[in-house]
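Note sheet for the following structure.
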Amino acid sequence: MESKQNIIATSKTTELTIQVTYEDSHIIKGFVLVGDQFNKVGAIDYWSTSSFNISKINYVNTTNPRPTQ
């Protein structure tokens with residue numbers, strides 16, 4: 001089974017919630033799950049990590065990627 005990590009970032013000042021696809025010590029990149037007045041749902045952009053609370057959730061993929069015949 002494959003272990004993966006889901007990273008969600010929530011803004012410290014607005015309702016903005018991001019599904020993070022890239023992260024380093026200064027920036028995050030991702031797509032908007034819950035928008036605010038400046039960021040619409042589905043938009044992809046970069047933000048400063050200092051503006052967000054970042055949560056990392058580990059999970060195990062239990063689905064079988066091979067179809068049965």
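A few points about this structure:
- Per residue accessible area of region 1-59, 1.4 Å probe, in Å²: 69 Å²
- Qualifying chymotrypsin sites (Phe, Trp or Tyr not before Pro) in region 2-39, where qualification requires a DSSP coil assignment and no more than 13 other C-beta atoms within 10 Å, comprise Phe38.
- 3J(HN,Hα) along region 23-33: 8, 9, 6, 10, 9, 10, 10, x, 10, 6, 8 Hz, from the Karplus curve 6.51 cos²θ - 1.76 cosθ + 1.60 with θ = phi - 60°, whole Hz, x for Gly and Pro.
The values are calculated or read from the model by the stated rules, or taken from the named source; none is laboratory data. A quick note: this is a predicted structure, and the numbers were derived from the prediction, not measured. Note that we place each Cβ from the backbone using ideal geometry, even for glycine, and neighbour counts take in every protein chain shown. Note: areas computed on protein heavy atoms with side chains; ligands, DNA, RNA excluded. Shrake-Rupley method; radii C 1.70, N 1.55, O 1.52, S 1.80 Å.
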